[in-house]
Amino acid sequence: MTEGVIVLIVFGLLILFGIVSYYFPFGLWISAWASGLSVSPFKLIAMRFRKINPYDIITPAIMLDKAGIKVELDNLESHYLAGGRVGNVAAALIAAQKAGINLGFKQATAIDLAGRDVRDAVSLCVKPKVINTPLVAAMAKNGIQVKAIARVTVKADINKLVGGATEETILARVGEGIVTTIGSAESHEEILENPDRISKVIQDKGLDANTAFEILSIDIADVDIGENIGAKLQIDQSEADMKIARAKAAERRAMAEAKEQEMKAYEQEMKAKLVEAEAAVPQAIADALKDGNMGILDYYTLKNISSDTEMRKSFSAMAEPAKKTTR
């Protein structure tokens with residue numbers, strides 16, 4: 001045999017070994033056998049054909065078997081095909097068993113498929129978690145703003161993880177309780193003197209209902225005084241009233257100016273009509289003389305009356321300043 005043929009044979013054997021190793025992971029089968037887990041080689045090959053990574057099934061199965069938790073491989077495969085994290089479920093079941101928490105395989109897979117980290121959930125059942133609320137501000141009845149931060153200690157309720165509300169709901173309910181308690185206080189001093197009043201009122205409301213958590217305690221971490229909202233509202237109201245009064249005064253002023261302009265226009269119109277009437281008088285006299293309706297003696301009599309009237313007006317105009325000077 002030539003060297004080229006030998007190389008081809010070796011290369012072909014390596015490819016064949018790789019294909020066989022892919023469909024039948026011999027090392028994984030040995031590990032399962034050494035751990036006391038009975039797995040058929042055909043089972044491992046069938047997993048590859050079902051597009052299942054054998055390591056993601058057999059390794060968690062070995063962990064469960066060593067912990068004394070019996071779970072069928074078919075159930076693990078079913079959870080894997082459903083998109084679940086088999087390794088997380090196995091670790092959660094073992095941790096729950098060690099902690100004395102009653103957690104079954106079906107419940108663990110349901111929690112995992114619901115999008116929650118079942119291993120962290122079991123850990124949270126054993127070790128409570130502290131959640132700090134954001135700064136919540138509310139106004140007491142005397143108009144003084146009070147700001148508070150609460151520290152909520154919770155632990156997971158394993159039986160409510162599927163369908164139960166999350167931490168955001170707990171924070172929202174606690175914030176609502178803080179606002180209600182501060183708002184019902186007659187004075188901000190009541191809250192400052194007894195901060196635990198807030199936590200007592202909140203705890204009595206049963207805020208953990210329909211949530212995935214059990215509230216162990218609610219403690220007020222910080223209480224501070226904010227703005228005098230009542231006084232600020234009064235100032236804003238006064239400014240608004242002043243603006244309204246100014247607007248009404250400006251409206252009245254504009255109406256008065258418009259009325260004055262209207263009167264001036266009316267006076268101008270009357271003067272124009274008077275001038276027009278006075279201008280028509282000579283023409284009327286001329287027409288009367290022409291038509292014989294007025295004689296020359298009548299005309300001079302009218303002129304004398306007009307001159308007498310003008311003289312009387314002049315005497316009156318001269319007398320008015322003299323009266324004012326005497327006074």
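The values are calculated or read from the model by the stated rules, or taken from the named source; none is laboratory data. Computed from a predicted structure; not experimentally measured. Here Cβ is always computed from backbone atoms with ideal geometry, including for glycine, and neighbour counts include all displayed protein chains. Heavy atoms of the whole protein, side chains included, go into the accessibility calculation; ligands, DNA and RNA do not. Shrake-Rupley method; radii C 1.70, N 1.55, O 1.52, S 1.80 Å.
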Quick calc: nm separation of the 7 Å Cα→Cβ label points for residue 189 and residue 149 -> 2.7 nm
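Using a cut-off of 12 Å between beta-carbons, work out the net charge of the residues near residue 46 (Lys and Arg +1, Asp and Glu -1, residue 46 not included). Write out the running numbers ahead of the final one.
Working: positive: 43, 48, 50, 51; negative: 74, 77.
Summing Lys and Arg as +1 and Asp and Glu as -1 gives +2.
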With every protein chain in place, the accessible area of residue 318 for a 1.4 Å probe, in Å² rounded to the nearest 10, comes to 140 Å²
Within region 24-38, the residues whose backbone N lies under 15 Å from a label point placed 7 Å from the Cα of residue 48 along the Cα-to-Cβ direction are 24-30
For the chain, the helices passing both cut-offs (Cα extent along own axis of 24 Å or more, Kyte-Doolittle mean at least 0.0, full DSSP H runs) are 3-23, 167-184
Candidates for P(r) over Cα pairs in 20 Å bins from 0, in percent are (1) 18, 22, 17, 12, 11, 10, 8, 3, 0; (2) 30, 57, 13, 0; (3) 30, 47, 22, 1, and the calculated one carries label (1)
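Can you give the FRET efficiency to the nearest 0.05 for residue 281 and residue 242, using r as the Cβ-Cβ distance and R₀ = 45 Å?
Details: r = 59 Å, r/R0 = 1.30.
For R0 = 45 Å, the calculated efficiency reads 0.15.
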Taking alpha-carbon centroids only, region 196-215 lies from region 176-193 a number of Å equal to 17 Å
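Say the cut-off is 19 Å between C-alpha atoms; which of 127/160; 98/127; 141/205; 66/160; 70/98 go over it? Could you put the intermediate results ahead of the total?
On the way: 127/160 17 Å; 98/127 14 Å; 141/205 22 Å; 66/160 29 Å; 70/98 15 Å.
Over 19 Å apart, Cα to Cα: 141/205; 66/160.
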With a Förster distance of 25 angstrom and the Cβ-Cβ distance between residue 74 and residue 30, calculated FRET efficiency to the nearest 0.05 equals 0.70
Here the FRET efficiency for residue 304 versus residue 259, based on Cβ atoms and R0 = 41 Å and rounded to 0.05, is 0.40
Distance in nm between residue 160 and residue 132 label points, each 7 Å along Cα→Cβ, equals 2.5 nm
Carbon plus sulfur, as percent of the 1.4 Å-probe accessible area of region 54-155, comes to 51 percent
Note to self: C-alpha centroids of region 106-133 and region 45-101 sit apart, in Å, by 18 Å
Expressed as a whole-number percentage, the relative contact order of the chain with C-alpha contacts under 8 angstrom and at least six residues apart is 11 percent
